[in-house]
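**Q** Quick one: structure below, then a few questions.
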Amino acid sequence: MYGLVFGAAATLLALTWFVGYHVYDYFKDPKGLRRFPGMDIFAPFTSISMILVAYRGFRSNRLLELHSQGQPVIRTGPNVLSYGDPRAIKDIYGHNTKCVKDEQYAMTAGTHFHLADVVDKHEHQRKRKVLSSAYALKNLEEWEFKVADKAQRMLDQFDKRCCDHGHDEVVDYRKWANFFSLDAIADIGLSKRLGFVDNGDDRCLSMKSDGTTSYCQYRECLYANSRLMSVLANTYAFFPHLCRASRYIFPEFARLWKLSDSWEGIPPALTHERLQRYRAGEKLDDFFQAMMHDKNGGAHNLEFGEIAAEVSIMMNAGSTTTAIAMTNVLYLLLANPACMARLREEIEESLDEDDVVAPYEKVKYLPYLRACLDESMRVWPPTSHPLLRATPPEGANILGEYIPGGTAVGMSALVAHRNADIFPEPDKYIPDRWLGDGGKELGSYFLAFSAGARGCIGRNISYLEQTVMLASILHRFDVELATPGFEPKRLESNNLHPSELPVRFRRKQNLSEKDLIAA
Ligand code: HEM
């Protein structure tokens, strides 16, 4: 009985402290953030608001709704501001910004930082220098054959499933696009043949820190980790506690944590395997090799943990985003037949009839093709939520207004891209807007790859993969939605995931009967 009373009193005390602390902080307002309207009435007091919005699965859309009502700045947490005016991009993300990555990145990092979550500017510069040779455009073109190989395997799979063979198989392009982007980045990065496209399955090895291994499904595990972080990392001081508690309290989170634990073991398993090949003296042409040595052959002497961290971000950022972009562009073209027809015409004019996988040289500068890709990443940016930066200790001017040091600030790419002043008719798919001088001017408001020193290092690889795969598919097949009028649902974790994309492939009429039989 006394125990119960004591427990109730302790809970009440803790709650009173919790609420009192946040209310006190709000009214004390040391940074003067009270002038900004809250995302809802609780957001200025507590990050629970953002946790709930994130949990519902589309926080950028909520921010878009709020900013569209005319609010340029919204307080989404006690110390977090969301910007709605794309002119803030250069202040927050531009090359001259003094803002650094927010502590959220360090909070969610593993034992070692990787290029994307390292906060310290000098450490980031060091890493970026080491890795830039690996990601350089020069290497990229040398690695085209790896992408072409995966593209050929994708075409082989679609050939087997296309309607001309008497069956009527519906293909989930979303799934296959992810198999493709994973196979491609594993080969480019680690000379590893995952074989996801060949197997139509993403079963792979995961390795615990004690060296024990097990098998798991790659995408399921990665997506679980991303979903957890997108919800839980909105708390700061409470993050480790929430991580622990959520494992035991909520069955849904317990399931996600189990999968996420398996994801944590995938990059070490890949790193371990590649290191063994490296130590055995195999000279392979991949990122890994470029990461281990400088141009003159001098060893970088990276620790295992750092190598595994870089493998992790490469296999994560380098696969999901591209697969999302590939899915969205195909969907948007199917939903906009006039754009599809024009793109096909451009592709047909540049490829020869006997080209199977589109040679990058022939398609990389096709203006309408690039415009279709960029417009789809504008409408549905694969990484859509505000990527938070912290203002420097001395504070920063954002949109001409002083924001004190240590404030988290960010702008969602979805919000930036749906701004009607910059992108008229923002909800419509209009690739033309990217053509000519007008298109060039829009570049500074295109946030799909973020911007400045922390902008995406892998964008050229992604364009290579997206361009080759899309051109090859449209050169070979007629594609249609399995259900006319189908629209993918969307779930935003750390990326904005479309649901499945069920389509049918049909070999194009201009291919000879002989060609069909050979396939
Ligand atoms: C459509 C495809 C892609 C999109 C939309 C995309 C988007 C982004 C965005 C928005 C950032 C900034 C992240 C942040 O501030 O937290 C970023 C950074 C990064 N991306 Fe990508 N990315 C794509 C493809 C790739 C690929 C293919 C790779 C690797 C092969 C890659 C590797 C990275 C890395 C390592 C960073 C961190 C860069 C740094 O901080 O210096 N990305 N990407």
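**Q** Just want the ordering: Leu369, Leu481, Leu222, from fewest to most Cβ atoms lying within 10 Å of their own Cβ. Please report the intermediate quantities before stating the final value.
**A** Details: Leu369 24, Leu481 18, Leu222 27.
Lowest to highest Cβ neighbour count: Leu481, Leu369, Leu222.
**Q** Do me a favour and compute the ellipsoid semi-axes for the range 380-519 from its Cα gyration tensor, root of five times each eigenvalue, largest one first, whole Å.
**A** Semi-axis lengths for the range 380-519 are 40, 17, 16 Å.
**Q** Tally Lys and Arg at +1 and Asp and Glu at -1 over the other residues with C-beta under 12 Å from the C-beta of Asp478: what net charge comes out?
**A** Net local charge, Asp478 excluded: +4.
**Q** For the range 143-225, what is the charge dipole size about the Cα centre, in debye to the nearest 20, if Lys and Arg each add +1 at the Cβ and Asp and Glu each add -1 at the Cβ?
**A** Taking the Cα centre of the range 143-225 as origin, the dipole is about 300 debye.
**Q** What is the Å³ per residue value for the convex hull set by the Cα atoms of the range 31-518?
**A** On the way: hull volume 77.5 nm³, N = 488.
Output value, Cα hull per residue: 159 Å³.
**Q** Something else: Per q in 0.08, 0.14, 0.17 1/Å, what log10 I(q)/I(0) does a Debye calculation on the alpha-carbon atoms of the range 77-224 return?
**A** Calculated log10 I(q)/I(0) at the listed q: -0.38, -1.00, -1.17.
**Q** Rounding to the nearest 20 debye, state how big the charge dipole of the range 31-518 is about its Cα centre with +1 on each Lys and Arg Cβ and -1 on each Asp and Glu Cβ.
**A** Details: 60 positive and 64 negative charges, 340 e Å.
Dipole magnitude for the range 31-518 comes out near 1640 debye.
**Q** Next question, about the same structure. Rounded to a whole number of µm²/s, how large is the Stokes-Einstein D of the range 274-396 at 37 °C and 0.692 mPa s, given Rh as the Kirkwood radius over C-alpha pairs?
**A** The calculation lands on 176 µm²/s.
**Q** Using label points projected 7 Å from each Cα along Cα→Cβ, tell me how many nm separate Glu65 and Ala420, to one decimal.
**A** Going from the Glu65 label point to the Ala420 one covers 1.8 nm.
**Q** Sticking with this one: Express the relative contact order of the range 31-518 as a whole percentage, based on alpha carbon pairs under 8 Å and six or more residues apart in sequence.
**A** Dividing the mean separation by the residue count of the range 31-518 yields 24 percent.
**Q** Here's a follow-up. Using 0.36 nm per residue of separation minus the Cα-Cα distance, give me the extension gain between Gln276 and Lys362 in nm, one decimal.
**A** Values: separation 86, 0.36 × 86 = 30.96 nm, distance 3.80 nm.
Here the segment from Gln276 to Lys362 would lengthen by 27.2 nm.
**Q** Once you place label points 7 Å from the Cα toward the Cβ at Ala109 and Lys258, how far apart are they in nm?
**A** Inter-label distance under the simple model: 3.2 nm.
**Q** Multiplying the sequence separation of His122 and Ser444 by 0.36 nm and subtracting their Cα-Cα distance, what value in nm do you get?
**A** Between His122 and Ser444, full extension yields an extra 113.4 nm.
**Q** Same structure again: With angles folded into 0 to 90 degrees, how steeply does helix 144-161 sit against the dominant principal axis of the chain? Use alpha carbons for both and round to 10.
**A** 80
**Q** How do Leu491, Leu155 line up, fewest other C-beta atoms within 10 Å first?
**A** Arranged by neighbour count, lowest to highest, Leu491, Leu155 become Leu491, Leu155.
**Q** For the Cα atoms of the chain, what angle does the longest principal axis make with the long axis of helix 239-249, in degrees from 0 to 90, nearest 10?
**A** Between the helix axis and the principal axis of the chain, the angle is about 80 degrees.
**Q** Per DSSP helix of 4 or more residues, -39500 (n - 2.57); summed, then divided by the residues of the chain. What does that give at 222 nm, rounded to the nearest 500? Mind showing how you got there, number by number?
**A** Details: 23 runs with 276 residues, N = 519.
Per the formula, -16500 deg cm²/dmol.
**Q** Please order Cys162, Cys372 by the number of other Cβ within 10 Å, starting at the fewest.
**A** Going from least to most buried by this count: Cys162, Cys372.
**Q** Take the cross-link list Lys101/Lys129; Lys98/Lys127; Lys146/Lys258 and give me the ones stretching past 30 Å between alpha-carbons. Intermediate results must be reported in sequence, preceding the final value.
**A** On the way: Lys101/Lys129 18 Å; Lys98/Lys127 19 Å; Lys146/Lys258 33 Å.
Listed pairs above 30 Å: Lys146/Lys258.
**Q** Just name one of Tyr24, Gly452, Leu414: the one whose Cα is farthest towards the positive end of the charge dipole of the chain (beta-carbon charges, Lys/Arg +1, Asp/Glu -1).
**A** Positive-end residue among those listed: Tyr24.
**Q** Moving to a separate point now. Considering every pair of different Cα atoms, what Kirkwood radius, in Å, is found for the range 256-299?
**A** The answer is 12.0 Å.
**Q** Which of the peptides 208-214, 455-461, 91-97 is most tightly packed, and how do the rest follow, judged by the mean count of other Cβ atoms within 10 Å per residue?
**A** With the highest mean Cβ count within 10 Å placed first, the list reads 455-461, 91-97, 208-214.
**Q** Which angle between 0 and 90 degrees, to the nearest 10, do you get for helix 459-476 versus the longest principal axis of the chain when only C-alpha atoms count?
**A** Helix 459-476 sits at roughly 40 degrees to that axis.
**Q** Whole-Hz Karplus ³J(HN,Hα) for the range 128-135, in order, using 6.51 cos²θ - 1.76 cosθ + 1.60 and θ = phi - 60°, x for Gly and Pro?
**A** 5, 5, 4, 7, 5, 5, 5, 8
**Q** Describe numerically, in nm with one decimal, the distance between label points set 7 Å from Cα along Cα→Cβ at Lys428 and at Asp294.
**A** Calculated label separation equals 5.4 nm.
Every read-out reported here was derived from the displayed coordinates using simple, explicitly stated rules and does not represent laboratory data. A quick note: this is a predicted structure, and the numbers were derived from the prediction, not measured. Neighbour counts run over all protein chains shown; Cβ positions are idealised from the backbone, glycine included.
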